[in-house]
1. For semi-axes √(5λ) of the Cα gyration tensor in Å, which listed value, (1) 44, 24, 7; (2) 27, 15, 10; (3) 47, 19, 8, comes from the coordinates shown?
2. From the phi angles alone, apply the Karplus equation (6.51, -1.76, 1.60; θ = phi - 60°) to region 49-65 and give each ³J(HN,Hα) in whole Hz, x where the residue is Gly or Pro.
3. Between 48, 56, 24, which gets the highest mean-square fluctuation from a Gaussian network model of the chain, Cα cutoff 10 Å?
4. Roughly speaking, what is the stretch gain from residue 15 to residue 41, that is 0.36 nm per residue apart minus the C-alpha to C-alpha distance, in nm to one decimal?
5. What are the trypsin sites (Lys or Arg not before Pro) within the chain that DSSP puts in a loop, where the Cβ has at most 12 other Cβ atoms within 10 Å?
6. Nearest 0.05, what FRET efficiency do residue 59 and residue 3 give at R0 = 35 Å with Cβ-Cβ as r?
Amino acid sequence: MSKIQTLIKEIDTLEAKEVEEVLQYLLKKIRGKESVKSRLARYRGKGQGIWQQDAQEYINQAREDDRF
């Protein structure tokens, strides 16, 4: 049985007030994740054009320079 199926089975045994509590918890989690995504989306692409090379190339070069 998958985790989701187990959760659903457990939720089916709860009383209405307990199910409402679970629902409120899940809605709070979803809203929190959406909020973080929307805040991060505002910064996407802001650094474009600042650096002259690709970020991965920069990291690879820095790692090579760091080694003796």
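1. Among (1) 44, 24, 7; (2) 27, 15, 10; (3) 47, 19, 8, the one derived from this structure is (3).
2. Coupling constants for region 49-65: x, 6, 9, 8, 9, 4, 4, 5, 4, 4, 4, 4, 5, 4, 5, 5, 5 Hz.
3. Of the options given, 56 has the highest mean-square fluctuation.
4. Numbers: separation 26, 0.36 × 26 = 9.36 nm, distance 3.92 nm.
5.4 nm is the gain from fully extending residue 15 to residue 41.
5. Numbers: sites: 3, 9, 17, 28, 29, 31, 33, 37, 39, 42, 44, 46, 63, 67; in loops: 42, 44, 46, 67.
Listed in order of number, the matching sites are 42, 44, 46, 67.
6. On the way: r = 36 Å, r/R0 = 1.02.
Computed FRET efficiency for residue 59 and residue 3 comes out at 0.45.
Readers should treat all values here as calculations from the given coordinates under stated rules, not as data from a laboratory. Everything numeric in this text was worked out from a predicted model, so none of it was measured. Cβ sites come from the backbone with ideal geometry, for glycine too, and all protein chains shown count toward neighbours.
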